[in-house]
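Take a look at the structure set out below.
Bear in mind that the values in this text are calculations on the coordinates, not laboratory data. This one's a predicted model, so the numbers in the text were calculated from it and none came from an experiment. Cβ sites come from the backbone with ideal geometry, for glycine too, and all protein chains shown count toward neighbours.
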Amino acid sequence: MITSPWLRRAGLIAAGALMTTAPVLLAEPTSEESASAPVRALGAANAWRDVLDAYRAPQLPPPGDTESAVVELNDPPVAAFAPGDRPAAAARIAQEQALVEPVLAGLGATINFRYRMLVNGFGIQLPAGRLALVAALPEVRSITPVTYLAPADAAAPDPNAAAPAQAQPPPTEPATVDPAHIALVDAGIRPEHPWLGGGIGPDRLIVGGADLVNGNPGPEANPSGRNAEAHGTELASIVLRSPALAGLPPASMPRLLAYRVVAREQVEGSVRALARSDRVIAALELAVDPNRDGDASDRAEVILMGLARGFDGGGVDPVDDALRAADNLGSLVVVPAGNDGPTFGPVGTIGGPAAAPGVLTVGGLAAPTTPRTADLQLEVGPASASLTSLPLLGADPSGAAAPIVVLAGKDGLAAGDHAEDYVDAQGHSRVAGAIAVVGRDGSPLAQKARLASQAGAVGLAVWDQDGAGLFPGPQGGAAWPIPVVGLGARQGQVLIEHPGFAGRIVARPVAPQGAAVASFSSRGPTASGSLGVDLLAPAVDLEAAYPGEGPGGQALVGRLSGTSAAAAEVAAMALRLRVDHPELRPDDVRSLLVQAAAPLPGVGPVDQGAGVATMPAAVAPVAIDPAIVSATRPATGDASVVVALRDLTGAAARYRLAVQAADGTVTSEGTLVDLPPNERSGIAIDIPGGPGTFTGRLLVLAEDGTQVASAPIFAAPVAPTPDDALGPPVVDTSAGVTDVRVRVGVMRRSGEHLRVAPLHNLGMWLIPSGGGAPIRMVGAKQGGDWPPGTYRFVLSRRQADGRDLPAGRYRLRVMAFGADGSPAARDSADFQLS
């Protein structure tokens with residue numbers, strides 16, 4: 001029931017500097033500018049990088065007559081039982097669920113999904129206002145509203161390029177051994193693309209899957225949603241064509257199971273490709289038990305989820321529960337970090353599922369060249385000026401002069417989101433042969449570019465009136481038919497104050513740049529204090545299959561950017577390790593990849609985790625779980641953390657543990673550890689307390705002092721909850737319905753970063769004005785995260801026990817908890833409940 005507006009992803013792009021030649025016709029300098037500078041800099045910031053253009057996914061479906069939720073029952077799922085007991089447990093859970101189903105039906109609930117392997121419960125839909133009635137059932141452990149996740153990509157693909165002939169995979173052959181499987185939980189796929197093996201079947205690269213959106217047996221994407229649902233096809237091709245899988249004979253090539261959970265959802269007037277959490281859990285259940293017999297021996301060795309959801313607050317999440325259980329069953333889960341960039345607060349932008357324990361979280365590595373920039377050279381009469389180093393998006397500019405048309409109307413600057421924005425009252429184009437100027441708000445930039453091109457514009461300038469001039473830098477192609485430049489607040493104002501400019505968009509050259517974290521890649525730490533990112537992988541302009549056919553029936557190719565592309569590369573590495581070493585467990589693979597990572601010099605761990613993912617040259621003798629050791633750092637004393645070591649050599653060995661600070665100082669040496677062959681042993685290590693964050697490494701040393709394994713250490717204080725993290729509830733009874741709106745959490749922008757503070761375990765109580773015990777109204781057993789936003793509730797006089805509240809005066813109390821565990825409580829003004 002979130003009603004918060006769409007938010008742009010954090011970015012790091014400046015809209016350039018304005019260089020002038022005499023005579024000067026520009027605005028007076030602002031306080032930020034140097035009066036003595038020979039050049040008046042009107043840039044919005046000082047640099048820009050490969051930022052993606054996209055919108056943060058809404059967290060909850062829009063309010064309506066019905067609500068959807070994931071219900072977890074008291075008893076544990078199948079994954080909690082020993083392997084030999086799981087089939088019997090699955091049958092027993094099915095019987096228990098059958099007893100609860102009539103009760104849910106009596107409350108008006110429709111059961112969309114039944115879960116038993118990873119979560120014991122249901123995905124339900126029921127009339128609005130009845131979640132508390134379900135929560136009151138004694139069999140129910142928790143009830144969590146269904147949330148949205150979004151594909152972690154953004155750069156527009158170029159579906160015009162034909163696939164190179166040599167890029168087609170070798171023909172598949174019947175498997176002579178049982179091949180490894182990878183499950184893709186994402187959008188649907190178009191399996192006829194040659195890079196995906198040309199079809200689905202037991203002798204193909206893609207052997208099966210399911211459509212969790214429409215309930216179809218196959219995972220094919222909606223034919224009418226080719227562009228919106230291309231993400232699954234793209235990720236599948238990155239995995240299957242990864243260099244990590246090169247050299248495998250066709251019969252041993254891993255097979256892919258595809259599960260469609262992404263659909264086009266209507267949210268706040270726009271259609272977005274989003275995944276509902278109830279569908280994601282259903283797909284994860286199939287990934288670990290494809291034939292649904294309660295036996296996980298046919299599970300996928302690796303599960304790739306190309307989905308992200310930002311800014312979790314540490315509460316209970318059934319998706320996290322499912323991911324943890326999948327890891328326990330033996331499936332390694334790889335997820336993208338997300339595309340929300342950095343923040344300026346103590347908590348980063350890593351959220352669920354990337355923040356879940358037991359997953360391998362992958363951030364993005366930037367492109368090897370500097371982003372594209374351009375100058376907008378202006379002329380009016382005898383004066384000239386240049387808006388320099390603007391972010392350049394889309395097609396390469398021709399450099400030809402064209403009039404500049406600012407699409408201003410009676411309501412201000414047009415956003416350029418609709419075809420009518422570009423025409424006059426008679427239907428004639430206002431921008432034919434011109435460079436159009438539109439506002440930043442509204443639709444994605446690629447849509448603005450397409451509409452401007454259809455109206456005859458030769459270029460587009462997008463004015464970020466209220467922002468910091470942050471723009472992306474994707475390639476050209478069919479989605480970007482004309483060049484697009486971004487303008488900061490003051491640069492756009494120049495065009496308004498001096499109408500009549502003619503302009504030329506002139507591209508600047510790009511140059512090589514060193515390895516760096518992609519600016520859109522989400523950073524840690526998480527709300528619970530863990531590091532967040534585990535590894536980095538290339539995330540800009542990866543070549544990927546695109547659904548459909550080009551001229552002459554040629555296969556189409558896209559250029560995909562985003563941390564989902566990076567996660568697909570690492571998923572292929574993890575899969576190859578499990579193919580070559582089937583004895584490895586998920587935590588072994590995570591540890592081996594983290595140990596083999598190449599750290600970027602001068603980059604902090606919250607940005608890169610262990611560093612750039614690299615295939616291990618050999619299996620290390622010891623695996624460490626967790627692969628990255630995270631802890632909450634106390635102000636004084638030590639933090640004691642238990643880690644598990646597993647010998648991978650097949651021979652017993654003795655090791656010593658040491659904690660090494662970032663400056664090389666060894667802060668503590670643990671006792672000797674004797675590891676039996678192929679066994680795990682848990683041991684406590686001490687991380688020194690103190691102010692700020694501690695970073696270092698856990699070293700595993702042989703008896704002669706040789707280092708045989710290591711793991712990064714990250715320990716930081718838990719971020720305090722801001723005082724304004726919970727707003728006072730506003731109660732409105734004017735329309736005959738008791739309507740409540742509550743602002744939950746904090747999301748503030750400061751320059752190029754976001755500050756976020758979510759809450760969890762939200763509850764509401766009615767407090768009788770004349771005295772009496774508080775009466776809990778909603779939020780019972782809803783322990784999940786409540787991302788920042790304004791939430792709407794409708795209060796009913798019917799209580800969870802079926803009785804009606806007496807009429808009278810009340811006030812409403814709202815309570816929640818921050819990531820640091822501190823409570824927040826606010827009361828409304830008195831109101832009459834009648």
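For the peptides 483-496, 806-819, the ranking by mean Cβ contacts within 10 Å, running from highest to lowest, is 483-496, 806-819. Using 0.36 nm per residue and subtracting the Cα-Cα separation, the extra length available between Ala400 and Ala246 on full extension is 50.8 nm. Its Cα gyration tensor gives region 590-665 an equivalent ellipsoid. The semi-axes, each the square root of 5 times an eigenvalue, are 23, 20, 11 Å from largest down. Positive contributions from Lys and Arg (+1) and negative ones from Asp and Glu (-1), summed over other residues with Cβ under 14 Å from the Cβ of Thr66, come out at -1. Taking a point 7 angstrom from the Cα of Thr649 along the C-beta vector, which residues in region 696-731 have backbone N less than 20 Å away? Answer for region 696-731: 698-711. Given their separation in residues at 0.36 nm each and the Cα-Cα distance between them, Ser769 and Asp724 gain 13.7 nm when the chain is fully extended. Starting from the Cα of Val510, step 7 Å toward the Cβ, then list every residue of region 557-601 with an amide N under 19 Å from that point. Correct set: 557-566. Looking at region 379-531, the DSSP beta bridges with both ends there are about 50 percent antiparallel.
Report for region 322-450 the percent antiparallel among DSSP-assigned beta bridges with both residues inside it, nearest 5. Mind dumping the intermediate values first?
Values: 10 of 17 bridges.
If we restrict to bridges inside region 322-450, about 60 percent are antiparallel.
Between region 88-119 and region 126-151, the alpha-carbon centres lie 14 Å apart. For Gly363, the amide hydrogen comes within under 5 Å of the amide hydrogens of Ala337, Asp534, Leu535, Leu536, Ala537, counting only partners 5 or more places away or on other chains and with H modelled in the peptide plane.
Of the peptides 105-114, 658-667, 72-81, 591-600, the ranking by mean beta-carbon count within 10 Å, highest at the top, reads 591-600, 72-81, 105-114, 658-667.
A straight chain from Asp804 to Asp466 at 0.36 nm per residue would run longer than the Cα-Cα distance by 116.8 nm.
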